[in-house]
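Values quoted throughout were computed directly from the atomic coordinates according to the rules given, and no laboratory measurement underlies them. Predicted, not measured: the structure shown is a model, and the values here were computed from it. Here the Cβ positions follow ideal geometry from the backbone for every residue, glycine too, while neighbour counts run over all protein chains shown.
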């Protein structure tokens, strides 16, 4: 398992660097839309495995929202959200024999459209948000990876107290602390590479915030998988499962860093 993870990382890190740094804006946006589509497919395959029509509708609505975010066209993502609510409310009307179940599935659909379709394309917003956008994307990715690695190795070596066993039995308090330390260490390294003018205290703070959000995202996706009775969201990434299994620790940090950099700071 560890060997597979290391081999995957050895291939993924330079590939991610090149994609984020060099890929032209339209191609990068298309790549993230494809990632969003894969994430939507995985989510709805877990959430609504026995409901093909509602599953397909959720994927389409999520893609409309995602395309609107990527293209910065609020009328598109607004239309996608409107379709999600209005169209989703139609299903209980045609499934009157199972009103409670239909309304429950509507909630799962709205969650999927927002969690995957709305949040994932923020990677594009961050990358295209300014001349340093690609640097912020790489900064966020590498710090989140540092958090994941720090938590993994610290947890294996020193983990004793369970963090949230009902959601993720392997996570420990010691691993969580190691994740924060690993993220801060990588944040300082990334500061030297990408943002030498960034204050050291700010780099530490961003590292800690990204780690906490990465861990929260990981735990939230684990909770969803447990609720849906799934071990992994998919199988596309060797050693890591599906797209959502890899994105879970990136989505919340990407949203945070985008808005952190988008709002002017004194």
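Listing for the model above:
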| quantity | calculated |
| --- | --- |
| The chain: angle of helix 99-112 to the longest principal axis, Cα-based, in degrees nearest 10 | 30 |
| For the chain: relative contact order, % (alpha-carbon pairs under 8 angstrom, 6 or more apart) | 20 |
| Residue exposure sequence - 95, 160, 226, 55 - by fewest surrounding Cβ within 10 Å | 160, 226, 95, 55 |
| With Cα atoms, 0 to 90° folded angle of helix 200-228 axis to the chain main axis | 30 |
| Area projected by the alpha carbon convex hull of region 135-259, averaged over all directions, nm² | 7.7 |
| Gain upon complete extension [residue 16, residue 98; 0.36 nm per residue less C-alpha separation] | 25.0 nm |
| Residue order, fewest to most surrounding Cβ atoms within 10 angstrom, among 21, 61 | 21, 61 |
| Region 25-128, relative contact order in percent, only Cα pairs under 8 angstrom and at least six apart counted | 37 |
| Identified option (computed Cα Rg over 2.2 N^0.38 Å; candidates [x] 1.00; [y] 1.31; [z] 1.04) | [z] |
| Residue exposure sequence - 110, 116, 33, 70 - by fewest surrounding Cβ within 10 Å | 110, 33, 70, 116 |
| Segments 257-264, 175-182 sorted - mean Cβ within 10 Å per residue, highest first | 175-182, 257-264 |
| For the chain, calculated [θ]222 nm from helices alone, where every DSSP H run of n ≥ 4 adds -39500 (n - 2.57) | -25000 deg cm²/dmol |
| Between helix 173-194 and the chain: long-axis angle, C-alpha atoms, 0 to 90°, nearest 10 | 70 |
| Stokes-Einstein D (µm²/s) once Rh is taken as the Kirkwood radius of region 25-128 over alpha-carbon pairs, at 25 °C in 0.890 mPa s | 180 |
